[in-house]
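Chemist: Here it is, the structure in full.
No lab work stands behind these numbers, since they all come straight from the coordinates. Small disclaimer: the values here were computed from a predicted structure and weren't measured. Glycine also receives a Cβ, built like all others from the backbone with ideal geometry; neighbour counts cover every protein chain displayed.
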Amino acid sequence: MTINIILLGPPGAGKGTQARKLEEERGLVQLSTGDMLRAARSSGTEMGRRVAEVMDRGELVTDEIVIGLIREKLAEGGNGFIFDGFPRTLAQADALGALLDETGMTLDAVIEMQVDDAALVRRITGRFTCGNCGEVYHDETKPTAKPGVCDACGSTDLGRRADDNEDSLKTRLLEYYKKTSPLIGYYYAKGKLAPVDGLAAMDEVGAQIAAALNGK
């Protein structure tokens, strides 16, 4: 039985982490807008050439192109899909709904990862990553056992994302609240919304998502 879900929440809420868990546990395919655009650009397909042309001009890729990429992915089939980073606006939500109707597919749930902004700032500004293996750490909640050395692979290539600072995060949060948070009411009205505590421990968040999807 296939299942299609949207992960909704502000930057740093943990959407990517939970998407990976759902991929492993349920065999779902994560559709990340950024990943799809990068893959399309190097694919050599007609859609890929359109993406490359737009990006080379320094312009934003249109909703039409993103929907086209999603249409291609949906045609590949599978156990279901996780929409991560799309939709971001009400117009995109309408377009995605029309595409799912067109392809005879359904949207089963929208997981809203709820967070407290102040706690989110602490989470993001304390985050650092191993550049070699991708393991994620945190100054307070998950420091490395040996300072400056990755626990997983022993690399010393540890660093922080350039936008993992308080000013940048507040800018990203403002963008989220202006453009994306209206989707909460949109999907609530459609009976699809399932809120979870995005600041709980990773396994607890996963358990809440599993409970929300139980029977779907």
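Chemist: Taking Cα centroids, how far is region 76-90 from region 159-216 in Å?
Modeler: What the calculation gives is 15 Å, centre to centre.
Chemist: If you keep only loop residues by DSSP, which GluC sites (Glu not before Pro) in region 69-138 have at most 14 other Cβ atoms within 10 Å of their Cβ?
Modeler: Answer by residue number: E76.
Chemist: What does the charge add up to near K179, with Lys and Arg as +1, Asp and Glu as -1, over the other residues with Cβ less than 13 Å from its Cβ?
Modeler: Here the charged neighbours net out to +1.
Chemist: Related question: Within region 139-216, which GluC sites (Glu not before Pro) sit in a loop by DSSP and count at most 13 neighbouring Cβ atoms inside 10 Å?
Modeler: Those satisfying the criteria are E140.
Chemist: Q114 to T144: extension gain in nm, 0.36 nm per residue of separation minus the Cα-Cα distance? Before the final figure, lay out each step's value.
Modeler: Details: separation 30, 0.36 × 30 = 10.80 nm, distance 2.73 nm.
Roughly 8.1 nm would be gained on extension.
Chemist: Mind checking which lysines have their Cα closer than 25 Å to the Cα of K21? Skip sequence neighbours fewer than 8 apart in that chain.
Modeler: Once the sequence-local lysines are set aside, what remains near K21 is K73, K142, K192, K216.
Chemist: Relative to the longest principal axis of the chain, what angle (0 to 90°, nearest 10) does the C-alpha long axis of helix 63-75 take?
Modeler: 90
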